[in-house]
Every structure is written in structure tokens, then in C-alpha cells.
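Inspection log for the structure reproduced underneath, given as C-alpha cells.
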Amino acid sequence: MTTRPLDGRHRTIVRLGHPALRQRSEPVPVERFGTRFLRDLERDLVRTMFEDSGVGLAAPQIAVNVRVLAYFVPGEGDHDEVPPRVLVNPTLTLVGEATEMGWEGCLSVPGLRGLVARHPAVKVAAYDADGRPLVFEASGFHARVIQHEVDHLDGIIFLDRMNGMSSLMFEEEWDHYAADRDLPVEV
Ligand code: NI
């Protein structure tokens, strides 16, 4: 997925049924900013996300119940590239009332895709691993990835967000019947 060397170590992604995916994760306390714990977690999340071909990965997906997530946006289709980024203790403000439908998948729910309504834009406030504040607005695919990942911090899986199960598909069938409609999000 990436050609640059990655440090950190690969961690096992837990799947639906693991209790870590269904807990509300704890915020990282201020005294842990800049520590080895958070630096290692940051590197491990990014490495595991790339090696497992995802565009996002939240700490609960490697069975660590803290409010930390990693993601990136590949520069494909109609969205601009966002390099790998780690958010600590993120909070979201949803912009507007309208939502838009898009396909999602999840590394913790391998092999399935489904349509999920998300807000097309969000305001994000978070910290980096050293405790520096990050404030930005995300839209489109970028906003969708962040909403999916922040849900993981609250024990919510994309299946919970679907309006019924009728759009749920296996990846292979999705490739065949639906892939031209939108880009998938595997997070
Ligand atoms: Ni996910």
C-alpha cells in the first residue's frame, strides 16, 4: 500500500464479537501526551492500517480502548489526499442537517459492505500524540472516514448506522454489482 518504510509494529485487528469493539473508550489523560505509550500506539496504528490495506483504524480495533484513531485519504477519485494522521481525543461537530449515503466496510467486519448515511461535513477538534491541538473541517470521503472511526471509539460499528440490512453485500458481489457507484471505505 505504501512504499515508505514504516516503523512501529503490526498489531492484530480484532473482529466483530471481540468485546473491545463494543466499549466506550477512555480519553487519553493529559499526562500521557508525548509518552512512549502514545508514540508507539500512533506508529502501530498507522503501520497496521497500511499493512491491512485500510484507510482508517481506531485503537479499539487493536483491542486498546483509548480515544485514538489513525486514517488517511488516498488521492483518488474526486477527493484530495490527506496524509496519514492520528487524532487523539477527537470531538466532532456535525455540519448541517442533511446526510448523504455512501458505501462502507470495516477491517473488523471483513468481507462486507453496506450503505451508510453520514454528514457530508464535520468540524474536528483533537490533539496529536504530543498534545498539540488540531482543529479542522473535513468534507466528503474525509468526513465519512472520520465519522466511522470516531464511532469505533464509542463502540459503534457501521452496521449499527445502516438503515436496514438490504444494502449489505459481500465484497465480491459489491465489486461486481455496485463498485461503479462509489468508492469503498474500509476502516
Ligand atoms: Ni471500522
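The values are calculated or read from the model by the stated rules, or taken from the named source; none is laboratory data. It should be emphasised that the depicted structure is a prediction, and the values quoted were computed from it without experimental measurement. All Cβ positions, glycine included, derive from the backbone under ideal geometry; neighbour counts span all protein chains shown. Accessible surface is based on the protein model in full, side chains and every heavy atom, while ligands, DNA and RNA are left aside. Shrake-Rupley method; radii C 1.70, N 1.55, O 1.52, S 1.80 Å.
Using a Förster distance of 45 angstrom, determine the FRET efficiency expected from the C-beta separation of Leu168 and Ser139, and round it to 0.05. Computed FRET efficiency for Leu168 and Ser139 comes out at 0.95.
Under 5 Å between amide hydrogens, built in the peptide plane, is the criterion, and for Ala63 it picks out Val14 among residues at least 5 positions away or on other chains. Rounded to the nearest whole Hz, the Karplus-based 3J(HN,Hα) values (6.51 cos²θ - 1.76 cosθ + 1.60, θ = phi - 60°) of the range 156-166 follow the sequence 9, 10, 4, 4, 5, 8, 6, 7, x, 9, 5, with x at glycine and proline. Against the chain, whose longest principal axis comes from its Cα atoms, helix 36-51 is set at around 30 degrees. Sparsely packed loop sites in the range 1-98 (the GluC sites (Glu not before Pro) outside DSSP H, G, I, E and B with at most 11 other Cβ atoms within 10 Å) comprise Glu76, Glu81, Glu97.
Computed with every protein chain present, the accessible area of Ser166 is close to 120 Å² [probe 1.4 Å]. Length gained on full extension, Lys123 to Gln23: 33.6 nm, using 0.36 nm per residue less the C-alpha separation. Axis of helix 140-153 versus longest Cα principal axis of the chain: the two differ by about 60°, to the nearest ten degrees. Charges were assigned to the Cβ only: +1 to each Lys and Arg, -1 to each Asp and Glu. The resulting dipole of the range 1-131 about its Cα centre is roughly 520 debye.
Restricting the range 1-104 to trypsin sites (Lys or Arg not before Pro) that sit in a DSSP loop and have at most 11 other Cβ atoms within 10 Å of their own Cβ leaves Arg9, Arg24.
Seen from a random direction on average, the alpha-carbon convex hull of the range 19-178 projects onto 9.4 square nanometres.
Model label points for Leu159 and Val95, set 7 angstrom from Cα along the Cα-to-Cβ axis, are 3.2 nm apart.
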